[in-house]
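Undergrad: Got a structure here, written out as structure tokens. Questions coming.
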Amino acid sequence: YAGIYQMLDTMCFSVSVPLFALMAGYLFFWKVDFTAQTYTKKLKSRAKTLLVPYLFWNVLEWLLLIVANTMLLPFTSGRNAHLWEVGFMDWLSIFGHYRGSFPVNIQFWYIRDLMVTVLLSPAIYWAIKRLKFVFVVILGALCFGGIKLPVLQIGFTIPFFFSGFKKTSDFCLFDVLYIL
């Protein structure tokens, strides 16, 4: 079973987040003239589909951890705060820096990174239009070099693959991959 899991992990699971980011970037910039009005409309849409579920599930998991740690005190590890120990910074940390560089609901790290990337999309759009190959190579180097933004420890995997759309310029990630 370990061999099957290893094969699935390397072949399937390792490409899921990049493909998710690639599709998100393509759909974000699909048939877009990218004006301030369009950007605002896209942000409102992404707030409903990304931000609201992200906040809901992280808060719910945090509350369940606190209740479990408080009510089942003898049976828990004691790693999580008790209800009477939760402060403002604890509430903020559940969304981004709870366990190292992850939100409390660890599976949602890529949604957090995607939300930050969507906020930075005007800069990404501009850089792709103006710098083309240079920008894609820089993002790729940051992504595969394991570099992270100091704030929330966000990596460059999502921004790199999010920038792989074809609609914004005549040159993109697909062209770099073809050259390599």
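We did not get these values from a lab; they are worked out from the coordinates using the rules stated. Since this is a predicted model, take the numbers as computed values, not measurements. Please note: Cβ atoms are built from the backbone with ideal geometry, for glycine as well, and neighbour counts cover all protein chains shown.
Undergrad: Assuming 0.36 nm per residue, please report the length gained on full extension of the stretch L120 to F102 beyond their Cα-Cα distance.
TA: This chain segment gains 4.5 nm when fully extended.
Undergrad: For a quick check: with amide H placed at 1.01 Å from N, whose amide H comes under 5 Å from L149's, ignoring anything fewer than 5 positions away on the same chain?
TA: Counting only residues 5 or more places away or on other chains, the set is I154, G155.
Undergrad: All other residues with a Cβ under 14 Å from the Cβ of K48 taken together, and with Lys, Arg as +1 and Asp, Glu as -1, what is their net charge?
TA: Its environment carries a net charge of +4.
Undergrad: Something else about it: Per-residue HN-Hα couplings for the stretch 114-127, Karplus 6.51 cos²θ - 1.76 cosθ + 1.60 at θ = phi - 60°, whole Hz, x for Gly and Pro?
TA: With coefficients 6.51, -1.76 and 1.60, one gets 5, 5, 5, 5, 4, 4, 8, 4, x, 5, 5, 4, 4, 5 Hz.
Undergrad: Please work out the FRET efficiency for the pair K129 and Y1, using the Cβ-Cβ distance as r and a Förster radius of 45 Å; give the result to the nearest 0.05.
TA: Given R0 = 45 Å and the Cβ-Cβ separation, E is 0.40.
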